[in-house]
Amino acid sequence: MSDAEINGETEGTFLVTHAADDSAVLRDVERGQVHTLSSNPGLSEDDAVEGVVAPEPPLDVTAELIEIEERRSLSIGESREPPTKHERELAAEQEVGELTRKERAGIGELHVITVPDDETGAAVEDVLDDRETTLSRAARLGVNRVEIRSEPGVVSVRYLP
């Protein structure tokens, strides 16, 4: 058992899911655990934070962010650009309803989803509506932005630096 585990500290990457002047809520993107901070050290919603949280005595009901190694803002949005030729080729090789994940050169990941043509818009909305899951994945991958491209039958979710 590490010193951090003995002290109840958790080191990891966290997504800020809520931020107010006097508190913040962090979600551990690897473990799914949620930490409510008793104060806000300047965090904003949709920030990714690599650091250490610890329970705050005496009740250990809330936590404090005791170390910040890195902090970055994450964004998600729909692009007007269509999927790339490579993304369209990946979609053509799979059945409707399938997902292909590919590492990007450098940093990030590419997800290509094949959907029925008439459900493309709804699929894009589903990705945008599932903001917390999508941004948690971005935080885990170490990227700053998520770009969604689409054309009838194809949705690409691009996790970019």
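Of all the numbered requirements in (1) buried (at least 18 other Cβ atoms within 10 Å of the Cβ); (2) more than 18 Å from the chain's Cα centre (by Cα), PHE14 misses one, and that requirement is (2). Whether a residue is assigned by TED's automatic domain parsing to the domain that holds ASP129 and either at positive phi or within 15 Å of the chain's Cα centre (by Cα) (or both) was assessed, and GLY32 does not pass this test. Checking each residue in the range 43-65 for being β-branched (Val, Ile, Thr) and at pLDDT 95 or above picks out VAL49, VAL52, VAL53. Among the strands (runs of 3 or more DSSP E) confined to the range 16-121, the ones with at least 3 residues that are without any contact (Cβ under 8 Å) to a residue 60 or more places away in the chain and within 21 Å of THR133 (Cα to Cα) are located at 24-28, 34-37, 47-55, 99-103, 109-114.
Using the structure shown, decide if VAL157 is among the hydrophobic types (A, V, I, L, M, F, W, C) and within 13 Å of the chain's Cα centre (by Cα). Judged against the criteria, VAL157 is a match. Scanning the range 105-143 for residues that are loosely packed, with under 15 Cβ neighbours inside 10 Å and among the small types (Gly, Ala, Ser) gives ALA105, GLY106, GLY121, ALA122.
Of the residues making up the range 144-159, those that are assigned to a loop (DSSP other than H, G, I, E, B) and buried (at least 19 other Cβ atoms within 10 Å of the Cβ) number 1.
The values are calculated or read from the model by the stated rules, or taken from the named source; none is laboratory data. These numbers were taken from a predicted model, which means no experiment stands behind them. When we count neighbours, we look across all protein chains shown, and the Cβ atoms used for this are built from the backbone with ideal geometry, even at glycine.
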